[in-house]
Amino acid sequence: MMSQVKKNEQGTVVTPKGYQAAGIHSKVKRKRKDLGIIYSEKPANVAAVYTLNKIQAAPLTVTKESIATENKIQAVVVNSGNANACTGKQGMKDAYSMRKTTAEKFDIPEHYVAVASTGIIGLEMPMDKITPNIEKLSLGTTEEHAAAFGESILTTDTFPKSTCYEAKIDGQVVTMAGAAKGSGMIEPNMGTMLGFITTDANIESETLQTLLKEVVDETFNCITVDGDTSTNDMVIVLANGLANNETLTPEHQDWTTFKELLKKTCEDLAKEIARDGEGATKLIDVTVTGAKTKEDARKAAKAIVGSSLVKTAVYGSDANWGRLIAAVGYSGADVDPEKIDIAIGPIQLLKMSETADYSEEEATEYLQNETVEIFIDLNIGDGTGKAWGCDLTYDYVRINASYRT
């Protein structure tokens, strides 16, 4: 059956009905825009997931509190350049201040505002720059407004991450779009990444929350750049219901279509984050099949994209399958050491754990592509899983050695 979900190549976070955005330069960062907002014309049902790091930044605490009040959010205010993490009582005051100023600016209750921050850890927020510039945020629905928001959330990213899909549900066009940031400190279970997803679908918060957790496990939690889990990570989904479809539940006839909308949106953003790893030159796309369970397949895929030895081999265009099979072996997945197949792109490197007849020159040439696909078949079950990462380059060290300077 042909998928009902279609990509809108021109779509942005303001394409779903009822959303506006803005982004400006508040001078927290030297040059690029660093303060942004997404706004829904009506309070939206909401779901969110957060970093598993036990050290969590003040904005996450404030956002959790906002959501817990009524399970509705109307505005998400975001700054980059300063994480407002490990900033003690003053950090909490500043996060609450961002929420309060935004609520007053747009004349909405404070608990309808979510707050997100990203940037350097441990510095007090320059509220003398942020507060007056929240007052200057000017909402709009144009591509320029969406692009300004997309720029405002970036740190070491080299490009904005954005995607949009639509599908017919109950005969109505339902649209979902997302914007994200992330480049370094990226590790499964949420890395230093922020994801903002807007949809005009009609769905209750509790149902959306359950689905978001499931989809995040299959997308954002399957990427890694450097194995570091940050303090500020969050993915938040707003659903304002303006598409006027019947309320979505797992029993709804179009439930699988809506789930596909969310999964495609999250997967696009996750892959773009992996592609933009600090200093990266290649996206590593790993597919594991033939595992005992899908959890085992994901474990093996994540181990491969997280291996520094694999990442450096990909950077050097070295078809060293020994690093791949070693990562599978320590991944924690059940394996039969005699039954593993490995291929990169169309080139079979290993068949039933024995070296296949392949050309090193062809393998090296394939590894020079911007996207490197790796296929592992464990041949012991029907579990499948995917993960995404990037190569590890000299520039990763350079960028992080000078991050604060």
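The values are calculated or read from the model by the stated rules, or taken from the named source; none is laboratory data. Here the structure is a predicted model, which means the values were calculated and not measured. Glycine gets a Cβ as well: all are built from the backbone with ideal geometry, and neighbour counts include every protein chain shown. Please note that ligands, DNA and RNA were not included when accessible areas were found on the heavy atoms of the full protein model with its side chains. Shrake-Rupley method; radii C 1.70, N 1.55, O 1.52, S 1.80 Å.
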Legend entry - Given (1) charged (D, E, K, R); (2) buried (at least 19 other Cβ atoms within 10 Å of the Cβ); (3) within 21 Å of Ile197 (Cβ to Cβ); (4) within 22 Å of the chain's Cα centre (by Cα), index of the condition Arg99 fails: (4)
Legend entry - Odd one out for Leu309 among (1) of a type in the set (A, V, I, L, M); (2) within 25 Å of Trp321 (Cα to Cα); (3) open to solvent by less than 50 Å² (accessible area, probe 1.4 Å): (3)
Inset, instruction - Filter the range 290-306 down to residues that are over 17 Å from Lys271 (Cα atoms), assigned to a helix (DSSP H, G or I) and open to solvent by 40 Å² or more (accessible area, probe 1.4 Å), then give me how many there are. - result: 3
Inset, instruction - Considering only the range 243-262, state which residues are free of Cβ contacts under 8 Å to residues at least 60 places away in the same chain, hydroxyl-bearing (Ser, Thr, Tyr) and not in a loop (DSSP other than H, G, I, E, B). - result: Thr256
Legend entry - Among the candidates Ile380, Ile344, Ile374, Ile340, residue that is of a type in the set (Val, Ile, Thr) and open to solvent by 10 Å² or more (accessible area, probe 1.4 Å): Ile380
Inset, instruction - Test Phe220 against the stated conditions and say whether it is of a type outside the set (Asp, Glu) and at pLDDT below 90. - result: yes
Legend entry - Test for Asp334: is it charged (D, E, K, R), assigned to a loop (DSSP other than H, G, I, E, B) and under 31 Å from the mean Cα position of the chain (by Cα): yes
Legend entry - Residue match in the range 49-62 (condition: farther than 19 Å from Gly122 by Cα, open to solvent by 40 Å² or more (accessible area, probe 1.4 Å) and charged (D, E, K, R)): no
Legend entry - the range 104-144, subset farther than 18 Å from Ser26 by Cβ and of a type in the set (A, V, I, L, M, F, W, C), residue farthest from the chain's Cα centre (by Cα): Ile108
Legend entry - Single unsatisfied condition, Lys264 versus (1) crowded, with 18+ Cβ neighbours inside 10 Å; (2) more than 26 Å from Thr210 (Cα to Cα): (2)
Inset, instruction - Taking only the range 357-389 into account, find how many residues are polar (S, T, N, Q) and not in a loop (DSSP other than H, G, I, E, B). - result: 3
Inset, instruction - Report, by residue number, each residue of the range 144-160 that is touching a residue at least 24 places away in the same chain (Cβ under 8 Å), part of a helix (DSSP H, G or I) and either closer than 13 Å to Val13 by Cα or open to solvent by 40 Å² or more (accessible area, probe 1.4 Å) (or both). - result: His145, Ala146, Ala147, Ala148, Phe149, Gly150, Glu151
